[in-house]
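Pasting a structure below so you can have a look.
Nothing in this text is a laboratory measurement; each read-out follows from the coordinates by a stated rule. This structure is a prediction, so every number in the text was calculated from the model and none was measured. Heads up, the Cβs are rebuilt from the backbone with ideal geometry, glycines too, and the neighbour counts pull from every protein chain shown.
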Amino acid sequence: MKINFKNILIALIEKEFKSYLRSINNFMNIIVFMIAIIILFPLTVGPSEEKLTLVSNAIVWIALIVSIIPTLDKIYISDFKNGWLEQYYYSPLLLEIIILIKCFVFWFFLIIPLTIFIPIFSILLNIPFLIIFWNIIIFAIGSLGFCLIGSICSSLTLGTKSTNLISPLLILPLAIPIFIFGNGVVEAVKSNYDPLPNLYLLITVCLILLIISPLISAYSIKIALTK
Amino acid sequence: MINYLANPNRFLNFIKPIEFSIGVFSFLFIFIGLYLSLFNSPEDYQQGDTVRIMYIHVPFAWFASFLYLSISIASIFFLIWRHPFADIIARSAAPLGLIFSILTILTGSLWGKPMWGTWWVWDARLTSMLILCIFYFAYIGISNAFPRKIDGSKPAAILAIVGMVNLPIIKFSVDWWNTLHQPASIIRFDGPSINQEMLLPLVIMLLGFLFMSIFIILINIKTNLIYKKYQSEILKLGWLDV
């Protein structure tokens, strides 16, 4: 096989996809956690419909975000342990591009499939169809930003003993703009305003992260490798 | 000057004679400032005596964000010129900043209860201050999370620089959003809008807090330097597990 950019790209995506396919446990973990949260909320808030409609959208969001966070900080950890990251570091391709590909693959194969659960949970919690539609769009865009933030955090915590303790502290403050603008879209739809300005701001945040995150992650991976 | 002081030994020699006087200054300024603010300043026409919380709330808030700024500047120095002393300064300032940010939130909620009627609102200013507190926690957490303490310096420095985004948000949150927190009244384009009699004790308190934070950071720097010497001594002796 000839070694050029295209072939390396395809090989990389194939390798990542296979590794996600083989660790299907991770994906099942997310789903089980999500279902647990969705079931627990109506039991703790009380089954009355008025109370639930106030918080139903938030419940879906919390279920998605909280269940993603434990996997977010493990984007690089297995590659770091079995030496793949060093191979990436010495490969002719820029580390930033490899990180970008890894984030995209993570987003595409692990996070995007979760969107099929949004309609199911939303119907369980009586969310109107228009909002379900917008929720899926926001989640698809916002989760890319979320993955990029997770890439920063997981590369910063490479080699630490207590990753689970620090990473939520790192992820939450950085992800706040995504929550604010995502919520802005839903609020605008609920009160019949134009949701597009907030959506554009959300896309802006994700684009800024798309530029910054690979640079920071590559730098901190280099630091982690030279220890 | 900075190059001269960047050597730990010269730095220790430089601060030895002035360290004690900085401590005395901080004590004096805070003492005078507390006296002026508690007994010799006017009541607010709306808030009455509770306005006196301001004289400690504002210095705590200012120095919580100012210390974060100095940590991130020291981190930039550390990442670019790789000088270990910048890292020691950043590490020494972090616990103090964490305490200041927690105390800002505590005094603010004590002030908010009588004035706004709640301990806490999810207001832009308050939330961004809480995020600053979380950044401090994350900084301290990540700088101590590695088996060898030195390995945590660079990730922590990167985090400190990333967290700098939050500082302008704290400063301008009262202008950008419609908040319950009052707008800026000291650093403004058209000069301070605060009463002269209230400004004097506040300025004295701010000076006192400046000296106090310098004093405490100097003590922390000395402690960290001693710890570093101890580590290198252990390395010389050949005990591997540091």
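I'd like the distance separating the alpha-carbon centroids of the stretch B:30-71 and the stretch A:148-212, in whole Å.
About 35 Å separates the Cα centre of the stretch B:30-71 from the one of the stretch A:148-212.
Follow-up question, since we're still on this one. Return the sequence-ordered ³J(HN,Hα) values of the stretch B:72-85 in whole Hz as given by the Karplus equation 6.51 cos²θ - 1.76 cosθ + 1.60 applied to θ = phi - 60°, using x for Gly and Pro.
My calculation for the stretch B:72-85 gives 6, 5, 4, 5, 4, 4, 5, 6, 7, 9, 6, 8, x, 5 Hz in order.
What are the semi-axes of the equivalent ellipsoid for the protein assembly as shown, taken as the square roots of 5 times the Cα gyration tensor eigenvalues, largest first, in whole Å?
So the three semi-axes of the protein assembly as shown are 42, 34, 18 Å.
Can you show me the helix-derived [θ] at 222 nm for chain B, built from DSSP H runs with n ≥ 4 at -39,500 (n - 2.57) apiece and divided by the number of residues, rounded to the nearest 500.
Calculated mean residue ellipticity at 222 nm is -26000 deg cm²/dmol.
Let me ask another. For chain B, which longest stretch is free of loop sites, where a loop site is one of the chymotrypsin sites (Phe, Trp or Tyr not before Pro) that DSSP puts outside H, G, I, E and B and that has at most 10 other Cβ atoms within 10 Å?
That would be B:46-121.
If you don't mind, another one. Taking the Cβ of residue A:224 as the centre, find all other residues whose Cβ is under 10 Å away and add up their charges (Lys, Arg: +1; Asp, Glu: -1).
+2
Counting residues in chain A as N, plug N into 2.2 N^0.38 Å and put the Cα Rg over that result.
1.08
Collect residues whose amide H, placed 1.01 Å from N in the peptide plane, falls under 5 Å from the amide H of residue B:44; neighbours closer than 5 in sequence don't count.
Residues meeting the amide H criterion: B:51.
Output the direction-averaged projected area (hull surface divided by four) of the convex hull of the alpha-carbon atoms of the stretch A:127-211, in nm².
Average projection, Cα convex hull of the stretch A:127-211: 6.0 nm².
Residues in the stretch B:42-85 near a label at residue B:231, defined as backbone nitrogen under 14 Å from the 7 Å Cα→Cβ point?
B:83-85
Now, a different point. First select every other residue whose beta carbon is under 14 angstrom from the beta carbon of residue B:54; then total the charges, Lys and Arg +1, Asp and Glu -1.
Result for the neighbourhood of residue B:54: -3.
For an R0 of 25 angstrom, estimate the FRET efficiency from the Cβ-Cβ distance between residue A:140 and residue B:179 and round to the nearest 0.05.
For residue A:140 and residue B:179, the calculated efficiency is 0.20.
How much mean residue ellipticity at 222 nm does chain A get from its helices, if each DSSP H run of length 4 or more adds -39500 (n - 2.57) and you divide by all residues, to the nearest 500 deg cm²/dmol?
-27000 deg cm²/dmol
Shifting gears a bit: Using the structure shown, select from A:15/A:81; A:222/B:229; A:161/A:227; B:16/B:229; A:81/A:102 the pairs with a Cα to Cα distance greater than 21 angstrom.
Correct reply: A:222/B:229.
Something else now. Which whole-number percent gives the relative contact order of chain A, counting Cα pairs below 8 Å spaced six or more residues apart?
Normalised by residue count, the contact order of chain A is 23 percent.
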